[in-house]
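Structure, as structure tokens:
A short reminder: the numbers here are calculations on the coordinates, not readings from a lab. Bear in mind that the values here come from a model prediction, so they are computed numbers and not experimental data. For neighbour counting, all protein chains shown are included, and Cβ atoms are generated from backbone atoms with ideal geometry for every residue, glycine included.
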Amino acid sequence: MQINGAELAVEVDGDGPAVLLVHGLGGTSNFYQVQADALAGRNRVIRVDSAGAGRSAVRDGISVTSHADDLAAVLDELGVESATVVGHSMGTLVVRELARRHPGKVSALALLGAVGEPAEAGRQAQRDRAAVLREQGTSAVAPGVVANALSDRTRRDKPEVAAFVREMVLRQDAEGYARNCEALAAATDPGPVPGHLPLLLVTGDADKVGPPAVSEQLAAAHGGATVEVLPGVGHWTAVEAAREVTDLLLKFR
């Protein structure tokens, strides 16, 4: 689909109230395959590979804001007035920005492994990762993603999940991944989620990237959110705890 001057890979399945699924840094729309299959039985499920990720083209000017504007344009192109929006990791910043910039497009928010505005050390780490990607490619960063973002239990008991995450990272376009790292390095906090929006926050107790404290802070600022902390789960929430996340999303909508 041609969106804001770039070709984005967009998948739409099912009929009913719209649900928009937004992946995080290093991910693709396939991150949500289990949830998409379940939700499509009663929802119109929309998945987008963000610019520079997965099957979508690399372009200039990639940022959290540009991703949010792309999502609004996708919904417009599909004739969707508003949707329940689910975001993971960096995607939680994107969907919060979507709610801020295009409030009418979002009817509810679910945030998986929510992250906040990066501290300076985190910004530098993303800039460093971008440099490694450009110099050495995705194979140089994939092992670190698997080691640091998945829980010990997942790596031990679900090696197929570790393999899937590794493959998602390896299949990224190195330049697109680098630009998205730089987008995260430049990200700012979109502000509190408006209190009138239903808000679900799901994270793992072993998530070092989007730890429970971030979700608790967002919930406190919102005033009426539901927070679920999954035991033995790291940062790749929807694949590490596929059944639990699916059940939570089905109950949420």
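Overview of values
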item: Enumeration of residues in the stretch 104-121 that are closer than 20 Å to Val165 by Cβ and either part of a helix (DSSP H, G or I) or touching an Asp or Glu at 6+ places or on another chain (Cβ under 8 Å) (or both); result: Gly113
item: Looking only at the stretch 138-155, and only at residues there that are free of Cβ contacts under 8 Å to residues at least 40 places away in the same chain and surrounded by fewer than 16 Cβ atoms within 10 Å (Cβ to Cβ), the one that is nearest to Leu170 (Cα to Cα); result: Ser139
item: Some residue of the stretch 137-155 being closer than 19 Å to Ala238 by Cα, outside any loop (DSSP other than H, G, I, E, B) and acidic (Asp, Glu); result: yes
item: Residue in the stretch 189-205 that is among the polar types (S, T, N, Q) and under 18 Å from the mean Cα position of the chain (by Cα) present; result: yes
